[in-house]
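The values are calculated or read from the model by the stated rules, or taken from the named source; none is laboratory data. Computed from a predicted structure; not experimentally measured. Backbone-built Cβ (ideal geometry, glycine too); neighbour counts: all protein chains shown. In case anyone asks, the SASA skips ligands and DNA or RNA and just uses the protein heavy atoms, side chains included. Shrake-Rupley method; radii C 1.70, N 1.55, O 1.52, S 1.80 Å.
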Amino acid sequence: MAVAMETEGENHHIVKALNLLRSRICDTGFIFKDSPDGNYSKLKFMISSSVAEACNNSILLLGPRGSGKLAILDLVIQDLLLQYPDSISVVRLNGLLHSDDISAFKEIARQLCMEHQLLFSKAASFDDNSQFMVAVLKECGLAHKSVIFILDEFDLFAQGKQRLLYSLLDAMQSVSSQAVVLGISCRLVLGDNEINFTNQDNLTMQDADQLLEKRVRSRFSHRKLLFLPPSIEDSQRLLAHMLTLPIDLGLPSDYAVEFNKRVQNIIEDKKFKEIFNKYLNFDSSVKHLLRFLFYAVSHMDLQTGFLSRENFETAFSSIQRQPKLECLRKYKSIHDSFQTSDYYARNVCLRAFEHLIHRELICFSDNRGHSLSVQFRPVKLLISSGELYQGLKAYQSCP
């Protein structure tokens with residue numbers, strides 16, 4: 001028992017360093033508040049100026065899943081609620097749940113009633129809830145209070161008759177109302193180049209705001225904040241930022257200096273760069289980079305108290321074990337049973353195609369074209385290019 005307690009005491013600074021690194025990786029503030037030119041600062045300025053100047057605003061946050069759109073927005077909202085505790089009210093909707101206008105207005109009414117301590121009526125009609133929202137916006141404007149509407153999966157609200165968006169943006173045209181509409185979407189096309197930010201989204205035609213009807217688009221401010229995947233250099237800087245220990249935080253200075261030196265040596269190591277580049281090709285989003293770092297830090301040697309290249313190799317191999325990739329490997333047996341000697345017959349290819357849909361490796365791009373044959377309906381890939389490459393490597397007979 002005495003030996004165990006002595007060992008724990010000797011490793012106290014190592015455990016403290018490990019806990020610090022883990023807490024950093026889980027702290028969105030430490031990750032996104034660092035850069036004065038980052039999206040956190042830009043978004044906070046946009047919203048805070050709208051609140052302070054009592055003006056209406058609408059902004060789109062566009063970028064791939066895992067790029068930090070919602071995380072940064074939550075940080076900004078938290079800060080503004082502390083800065084303006086009696087001047088902000090927040091309403092959150094998600095297109096996956098509330099894209100139907102009736103359910104959206106009902107949810108808005110429910111949240112506004114809860115915020116202002118009013119009695120919510122489940123039996124209220126669509127028109128009742130719509131008029132209630134407009135009335136509350138006017139009352140909040142007269143009381144110099146801003147209502148912030150957060151519409152996640154914004155492009156899903158831009159389908160159908162778009163009555164919610166029209167009513168909301170039209171109400172904001174009144175000088176007596178005071179609101180900010182924040183749309184969050186993964187749908188974006190830059191110039192002539194289609195940017196497929198996520199395998200779950202159909203991005204083949206327009207930006208999210210271009211889906212808006214003319215009457216809605218004319219009332220939208222068209223302000224956009226892009227959350228693009230970080231470059232290799234940006235990812236390396238973030239990695240160094242996350243893993244560098246402070247010298248003056250209660251850790252032995254010689255240990256912190258040596259730890260930081262070894263981290264820098266790892267980052268500059270040629271083999272590590274190969275691993276890191278493979279990982280970024282696999283998935284370059286901030287969310288998955290943090291997941292990669294958490295895996296590596298969790299494998300740190302508690303005896304030496306230092307990170308090694310092997311920790312990152314272990315993390316990379318662990319992350320590569322994806323369900324879709326395993327599904328691709330299992331699919332090999334089906335592939336072998338369908339393969340002919342020198343060609344793939346049409347009916348065999350069609351059966352293999354249907355298996356891909358059934359196993360959710362691909363899916364139809366939209367719900368249109370039900371009358372068409374399966375082989376003539378557009379589809380999209382539900383796995384990353386890295387997973388596809390790894391899966392194809394397992395097929396010796398694939399060209």
Name every residue in the range 160-176 that is hydroxyl-bearing (Ser, Thr, Tyr) and surrounded by 16 or more Cβ atoms within 10 Å (Cβ to Cβ), in order of residue number. Tyr166, Ser167
Cross-chain or 6+ apart pairs with Cβ under 7 Å, the range 260-275 first and within 21 Å of Ser318 (Cα to Cα), then assigned to a helix (DSSP H, G or I) and among the β-branched types (Val, Ile, Thr): Phe272/Ile266
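Among what's in the range 86-104 and is small (Gly, Ala, Ser) and either touching a residue at least 60 places away in the same chain (Cβ under 8 Å) or part of a helix (DSSP H, G or I) (or both), pick the residue that is surrounded by the most Cβ atoms within 10 Å (Cβ to Cβ).
Filtering the range 86-104 down to residues small (Gly, Ala, Ser) leaves 87, 89, 95, 99, 103-104.
Subset that is either touching a residue at least 60 places away in the same chain (Cβ under 8 Å) or part of a helix (DSSP H, G or I) (or both): 95, 99, 103-104.
Working: Gly95: 20, Ser99: 19, Ser103: 15, Ala104: 26.
Among those residues, the one meeting the criterion is Ala104.
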Ser41 vs. criteria of a type outside the set (Val, Ile, Thr) and free of Cβ contacts under 8 Å to residues at least 12 places away in the same chain: yes
Would you please name the residue that is nearest to Leu80 (Cα to Cα), looking only at residues in the range 177-213 that are of a type in the set (S, T, N, Q) and at pLDDT 80 or above? Gln178
Look through Glu107, Glu53 and report the one residue that is within 26 Å of Ser174 (Cα to Cα) and buried (at least 17 other Cβ atoms within 10 Å of the Cβ). Glu107
What single numbered condition from (1) part of a helix (DSSP H, G or I); (2) free of Cβ contacts under 8 Å to residues at least 40 places away in the same chain fails to hold for Ala17? (2)
Do the conditions hold for Leu60, that is, is it over 24 Å from Ala143 (Cβ atoms), touching a strand residue (DSSP E or B) at 6+ places or on another chain (Cβ under 9 Å) and open to solvent by less than 60 Å² (accessible area, probe 1.4 Å)? yes
Of all residues being open to solvent by 80 Å² or more (accessible area, probe 1.4 Å) and in a loop (DSSP other than H, G, I, E, B) in the range 114-140, which is nearest to Leu43 (Cα to Cα)? Just the residue, please. Gln117
Just give me the residues in the range 141-155 being out of contact with any helix residue (DSSP H, G or I) (no Cβ under 9 Å at 6 or more places or on another chain) and either polar (S, T, N, Q) or open to solvent by less than 80 Å² (accessible area, probe 1.4 Å) (or both), in sequence order. Gly141, Ala143
